[in-house]
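Student: Sharing a structure here in structure tokens format.
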Amino acid sequence: MSIRLALIFGGRSAEHEISIISARSVAKAIDPKKYRLTPIYITKSGKWVGRSLSQKVLETDYEQLIKDLTALHKVEAEVEAAADKSGFKFDFSQFDVAFPVLHGSFGEDGTIQGLFEMHQIPFVGCGVLASALTMDKAFSKICFKAAGLNVAKYLVYWREDLEARLKEVVAESEQKIGYPMFVKPARSGSSVGISKVKNRAQLQKALQLAGEYDEKILVEQGIDARELEVSVLGNRSLEVSVVGEIVPVNEFYDYEAKYVKSGSQLIIPAELPKRVAEKARAAAATAFRATGCEGMARVDFFLERKTNRLYINEINSIPGFTSISMYPKLFEASGVPYPELIDRLITLAFERYEAKKKNKIAFL
């Protein structure tokens, strides 16, 4: 008997379109003999959409739409209007397991994971705490440092700080971090709202930009480094992929370099001394456990060019699953092809669900 699988994508996030592209790749890789797939799309306004309209969204070429914003906004307005008329209500009892491919807020931050927990449905990926923790780059850095991993210098600000004391924020950043710096929303992904800054004018603009996407803002030390990524799979027993390297077409691996402009290179495996590669793989497993991750995550590092010192950057608890995404590519290079990776993620979801069912929930 086939497993009833809900593939949930879209969502209220700046990474909405990337979620759709990821979900389409997952849908193509799923074995129809094993799974009865139901796509469930969530619009940007938060409406849940039924199978037929969700399938239509999956079949739309969002790789091209994100390069033509006028066409993109037109399509999204049409889908929103159709969703208003659909009256769809999600029935958790119709599914055996959920696969959320929701990058960013309201998907990768523990919110939908809590919904699944409340409805007692197994789901792929990290649980509530790990999702929330890794989504917040400031809190995850605290965990990384506690686990003995190297973290670049950083400062945390709030949007209200920019409104009340922008000059002080700029001065403190210059004094404690220094140029170049990276400024980013603390709880976002796909490099949305991130800027590399080299002077005061750029810093002021970058702070305002990051504040448009999150009220919590990070200012980080800019390191002259190679960008490395490692994929992790498992609950208690972990499988760690080979190390990959990203050589961005732009100055850093921003949204444009990832999804719009061609020319970025993915080097798998990365050309590294064995000692450095093993250190990165061990650090990825340490970070995964330190933040309580389960199921899957991609761990990103900076390897400083002058010193070969390894710095952990962040963890993505729902990494990209597009055709160019590192998470599946790294495991493919490690001997786990895409369809098998999907199978194993779903198996891990059931494994964790059965383990949690053994917990007592009543005392008297």
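Student: For the stretch 39-52, what are the residues that are under 25 Å from residue 343 (Cβ atoms) and open to solvent by 30 Å² or more (accessible area, probe 1.4 Å)?
Tutor: Selection gives 51 alone.
Student: Next question. How about the stretch 53-73: which of its residues are of a type in the set (Val, Ile, Thr) and open to solvent by 40 Å² or more (accessible area, probe 1.4 Å)?
Tutor: Residues of the stretch 53-73 of a type in the set (Val, Ile, Thr): 57, 60, 66, 70.
Answer for the stretch 53-73, where residues must be of a type in the set (Val, Ile, Thr) and open to solvent by 40 Å² or more (accessible area, probe 1.4 Å): just 70.
Student: For the stretch 208-229: of the residues being among the charged types (D, E, K, R) and assigned to a strand (DSSP E or B), which is surrounded by the most Cβ atoms within 10 Å (Cβ to Cβ)? I'd like the intermediate steps shown before the answer.
Tutor: So in the stretch 208-229, the residues among the charged types (D, E, K, R) come out as 212, 214-216, 220, 224, 226-227, 229.
The next check asks that each one be assigned to a strand (DSSP E or B); those that pass are 216, 220, 226-227, 229.
Details: 216: 19, 220: 24, 226: 20, 227: 17, 229: 27.
Here the residue is 229.
Student: Among the residues of the stretch 334-353, is there at least one that is within 20 Å of the chain's Cα centre (by Cα), hydrophobic (A, V, I, L, M, F, W, C) and open to solvent by 40 Å² or more (accessible area, probe 1.4 Å)?
Tutor: Taking every residue of the stretch 334-353 in turn, none turns out to be within 20 Å of the chain's Cα centre (by Cα), hydrophobic (A, V, I, L, M, F, W, C) and open to solvent by 40 Å² or more (accessible area, probe 1.4 Å).
Student: With respect to residue 176, determine if the residue is modelled with pLDDT of 95 or more and open to solvent by 10 Å² or more (accessible area, probe 1.4 Å).
Tutor: Numbers: modelled with pLDDT of 95 or more: yes; open to solvent by 10 Å² or more (accessible area, probe 1.4 Å): yes.
Yes, satisfied.
Student: While we're looking at this one, here's another question. For the list (1) open to solvent by less than 40 Å² (accessible area, probe 1.4 Å); (2) touching a strand residue (DSSP E or B) at 6+ places or on another chain (Cβ under 6 Å), I need the number of the one condition that residue 196 fails.
Tutor: (1)
Student: Going through the stretch 156-185 one residue at a time, which ones are part of a strand (DSSP E or B) and either free of Cβ contacts under 8 Å to residues at least 60 places away in the same chain or more than 15 Å from residue 214 (Cβ to Cβ) (or both)?
Tutor: Of all residues in the stretch 156-185, those part of a strand (DSSP E or B) come to 156-158, 181-185.
Matches in the stretch 156-185: 158, 181, 183, 184, 185.
Student: For the condition buried (at least 16 other Cβ atoms within 10 Å of the Cβ) and of a type in the set (Gly, Ala, Ser), what is the one hit in 114, 127?
Tutor: Working: 114 fails: buried (at least 16 other Cβ atoms within 10 Å of the Cβ).
Being buried (at least 16 other Cβ atoms within 10 Å of the Cβ) and of a type in the set (Gly, Ala, Ser) holds for just one of 114, 127, which is 127.
Student: Shifting gears a bit: Could you tell me whether residue 194 is modelled with pLDDT of 95 or more and touching a Pro at 6+ places or on another chain (Cβ under 9 Å)?
Tutor: no
Student: Return yes when residue 146 is small (Gly, Ala, Ser), under 16 Å from residue 284 (Cα atoms) and modelled with pLDDT of 95 or more and no when it is not. Show your work before the answer.
Tutor: Numbers: small (Gly, Ala, Ser): yes; under 16 Å from residue 284 (Cα atoms): yes; modelled with pLDDT of 95 or more: yes.
So residue 146 fits the description; yes.
Student: Out of the stretch 181-230, which residues are hydroxyl-bearing (Ser, Thr, Tyr) and touching a helix residue (DSSP H, G or I) at 6+ places or on another chain (Cβ under 8 Å)?
Tutor: In the first step, residues of the stretch 181-230 are kept if they are hydroxyl-bearing (Ser, Thr, Tyr); the result is 188, 190-191, 195, 213.
If the condition is that a residue be hydroxyl-bearing (Ser, Thr, Tyr) and touching a helix residue (DSSP H, G or I) at 6+ places or on another chain (Cβ under 8 Å), then 188, 190, 191, 195 are the ones that fit.
Student: Given (1) buried (at least 17 other Cβ atoms within 10 Å of the Cβ); (2) modelled with pLDDT of 85 or more, where does residue 79 come up short, assuming only one miss?
Tutor: Condition not satisfied by residue 79: (2).
Student: While we're on this one: Scanning for something within 30 Å of residue 24 (Cβ to Cβ), open to solvent by 10 Å² or more (accessible area, probe 1.4 Å) and among the aliphatic types (A, V, I, L, M), does the stretch 290-312 turn up at least one residue?
Tutor: As a first pass, look at the stretch 290-312 and keep what is within 30 Å of residue 24 (Cβ to Cβ): 291-301.
Within this subset, residues satisfying the condition of being open to solvent by 10 Å² or more (accessible area, probe 1.4 Å) are 292, 294, 298, 300.
Next cut, among the aliphatic types (A, V, I, L, M) only: none.
Checked the stretch 290-312: no residue is within 30 Å of residue 24 (Cβ to Cβ), open to solvent by 10 Å² or more (accessible area, probe 1.4 Å) and among the aliphatic types (A, V, I, L, M).
Student: Select from the stretch 67-110 the residues that are assigned to a helix (DSSP H, G or I) and among the charged types (D, E, K, R) and write down the one among them that is farthest from residue 298 (Cα to Cα).
Tutor: Taking the stretch 67-110 as the starting set, the residues that turn out to be assigned to a helix (DSSP H, G or I) are 69-86, 92-94.
Now narrow it down to the ones that are among the charged types (D, E, K, R): 74, 76, 78, 80, 84-85.
Details: 74: 33, 76: 29, 78: 34, 80: 32, 84: 36, 85: 38 Å.
This residue is 85.
Student: Can you pull out every residue in the stretch 230-259 that is farther than 15 Å from residue 300 by Cα, under 18 Å from the mean Cα position of the chain (by Cα) and either modelled with pLDDT under 95 or open to solvent by 50 Å² or more (accessible area, probe 1.4 Å) (or both)?
Tutor: Matches in the stretch 230-259: 255, 256, 257, 259.
Student: Another one. In the stretch 321-333, which residue that is among the aliphatic types (A, V, I, L, M) and within 12 Å of residue 245 (Cα to Cα) is farthest from the chain's Cα centre (by Cα)?
Tutor: Keep residues of the stretch 321-333 that are among the aliphatic types (A, V, I, L, M), which gives 324, 326, 330, 333.
If we keep only those that are within 12 Å of residue 245 (Cα to Cα) as well, we get 326, 330.
On the way: 326: 11, 330: 15 Å.
Among those that are among the aliphatic types (A, V, I, L, M) and within 12 Å of residue 245 (Cα to Cα), it is 330.
Student: Taking the stretch 120-155 only, how many residues are part of a helix (DSSP H, G or I) and hydrophobic (A, V, I, L, M, F, W, C)? Let's see the steps before the verdict.
Tutor: Initial filter on the stretch 120-155 (part of a helix (DSSP H, G or I)): 128-135, 137-146.
Going one step further and asking which of them are hydrophobic (A, V, I, L, M, F, W, C), we end up with 128-130, 132-133, 135, 138-139, 142-144, 146.
Residues in the stretch 120-155 being part of a helix (DSSP H, G or I) and hydrophobic (A, V, I, L, M, F, W, C): 12 in total.
Student: In addition: Give the stretch 48-84 a look and list any residue that's of a type outside the set (Gly, Ala, Ser) and either within 17 Å of residue 7 (Cα to Cα) or in contact with a strand residue (DSSP E or B) (Cβ under 6 Å, 6 or more places away or on another chain) (or both), or say none. First the steps, then the outcome.
Tutor: Going residue by residue through the stretch 48-84, those that are of a type outside the set (Gly, Ala, Ser) are 48-49, 51, 53, 55-70, 72-76, 78-80, 84.
Selection gives 48, 49, 51, 53, 55, 56, 57, 58, 59, 60.
Student: OK, next. Kindly provide the set of residues from the stretch 6-38 that are over 19 Å from residue 121 (Cβ atoms) and either open to solvent by 40 Å² or more (accessible area, probe 1.4 Å) or part of a loop (DSSP other than H, G, I, E, B) (or both), ordered by number.
Tutor: Answer for the stretch 6-38, where residues must be over 19 Å from residue 121 (Cβ atoms) and either open to solvent by 40 Å² or more (accessible area, probe 1.4 Å) or part of a loop (DSSP other than H, G, I, E, B) (or both): 12, 13, 14, 15, 28, 31, 32, 33.
Student: Based on what the data block shows, is residue 132 within 19 Å of the chain's Cα centre (by Cα) and open to solvent by less than 40 Å² (accessible area, probe 1.4 Å)? Break it down stepwise before answering.
Tutor: On the way: within 19 Å of the chain's Cα centre (by Cα): yes; open to solvent by less than 40 Å² (accessible area, probe 1.4 Å): no.
For residue 132, the condition - within 19 Å of the chain's Cα centre (by Cα) and open to solvent by less than 40 Å² (accessible area, probe 1.4 Å) - is not met.
The values are calculated or read from the model by the stated rules, or taken from the named source; none is laboratory data. None of these values were measured; they are calculated from a predicted model. All Cβ positions, even for glycine, are placed from backbone atoms using ideal geometry, and neighbour counts span all protein chains on display. Note: areas computed on protein heavy atoms with side chains; ligands, DNA, RNA excluded. Shrake-Rupley method; radii C 1.70, N 1.55, O 1.52, S 1.80 Å.
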